[in-house]
1. Might you check whether a residue that is aliphatic (A, V, I, L, M) and more than 11 Å from the chain's Cα centre (by Cα) occurs anywhere in region 11-21?
2. Please go through region 31-44 and pick out each residue that is over 13 Å from Lys2 (Cβ atoms) and either in contact with a Gly (Cβ under 8 Å, 6 or more places away or on another chain) or open to solvent by 90 Å² or more (accessible area, probe 1.4 Å) (or both).
3. Give me a count of the residues in region 10-25 that are part of a helix (DSSP H, G or I) and more than 17 Å from Asp65 (Cβ to Cβ).
4. Asp69 versus (1) open to solvent by less than 90 Å² (accessible area, probe 1.4 Å); (2) without any contact (Cβ under 8 Å) to a residue 24 or more places away in the chain: which is the lone unmet condition?
5. Within region 30-43, is there a residue that is modelled with pLDDT of 90 or more and of a type in the set (D, E, K, R)?
6. Touching a strand residue (DSSP E or B) at 6+ places or on another chain (Cβ under 9 Å) and either outside any loop (DSSP other than H, G, I, E, B) or of a type in the set (Lys, Arg) (or both): which single residue out of Leu70, Leu64, Leu74, Leu6 fits that description?
7. I need a count of the residues in region 31-61 that are in contact (Cβ under 8 Å) with a residue 24 or more places away in the chain and part of a helix (DSSP H, G or I).
8. Please verify whether Ile28 is closer than 16 Å to Cys8 by Cβ and either open to solvent by less than 60 Å² (accessible area, probe 1.4 Å) or outside any helix (DSSP H, G or I) (or both), treating the condition exactly as stated.
Amino acid sequence: DKDTALRCINETQLLSITGSFGDAKSTITHPASTTHYRMTPEARELAGIKDTLIRVSVGLEDYLDIQEDLDFALSRC
């Protein structure tokens, strides 16, 4: 559910929480609450934007650090 997705996002330490992408730093966001929040729940569902969806944009950090951060966050939600 949405609360679990947001809790996972908040557990990351390395990734920056953001509503937009395009940075050299890895970022993480919850599209239903940010980029697609103006859409109705029905329209989001049709577009595949579920409340459980988390979007990650990988930046220039070492991939092992990113993986460790995501593994940690996912183990806590």
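The values are calculated or read from the model by the stated rules, or taken from the named source; none is laboratory data. Quantities reported herein were computed from a predicted structural model and do not represent experimental measurements. Counting neighbours? That spans all protein chains shown, and the Cβs are built from the backbone with ideal geometry, glycine included. Calculation scope for accessible area: heavy atoms of the full protein, side chains included, ligands and nucleic acids excluded. Shrake-Rupley method; radii C 1.70, N 1.55, O 1.52, S 1.80 Å.
1. Here is the first cut: in region 11-21, the ones aliphatic (A, V, I, L, M) are 14-15, 17.
Checking the rest, the ones that are also more than 11 Å from the chain's Cα centre (by Cα) come to 14.
Yes, region 11-21 contains a residue that is aliphatic (A, V, I, L, M) and more than 11 Å from the chain's Cα centre (by Cα).
2. First, pick out the residues of region 31-44 that are over 13 Å from Lys2 (Cβ atoms): 35, 38-40, 42-43.
If the condition is that a residue be over 13 Å from Lys2 (Cβ atoms) and either in contact with a Gly (Cβ under 8 Å, 6 or more places away or on another chain) or open to solvent by 90 Å² or more (accessible area, probe 1.4 Å) (or both), then Thr35, Arg38, Glu42 are the ones that fit.
3. Step one: filter region 10-25 for residues part of a helix (DSSP H, G or I), giving 10-11.
Subset that is more than 17 Å from Asp65 (Cβ to Cβ): 10.
Residues that pass the stated criteria total 1.
4. Every condition holds for Asp69 apart from (2).
5. yes
6. Unique residue meeting the criteria: Leu70.
7. Quick first cut of region 31-61, residues in contact (Cβ under 8 Å) with a residue 24 or more places away in the chain only: 31-33, 51-61.
The next check asks that each one be part of a helix (DSSP H, G or I); those that pass are 31-33.
Result for region 31-61: 3.
8. Values: closer than 16 Å to Cys8 by Cβ: yes; either open to solvent by less than 60 Å² (accessible area, probe 1.4 Å) or outside any helix (DSSP H, G or I) (or both): yes.
Judged against the criteria, Ile28 is a match.
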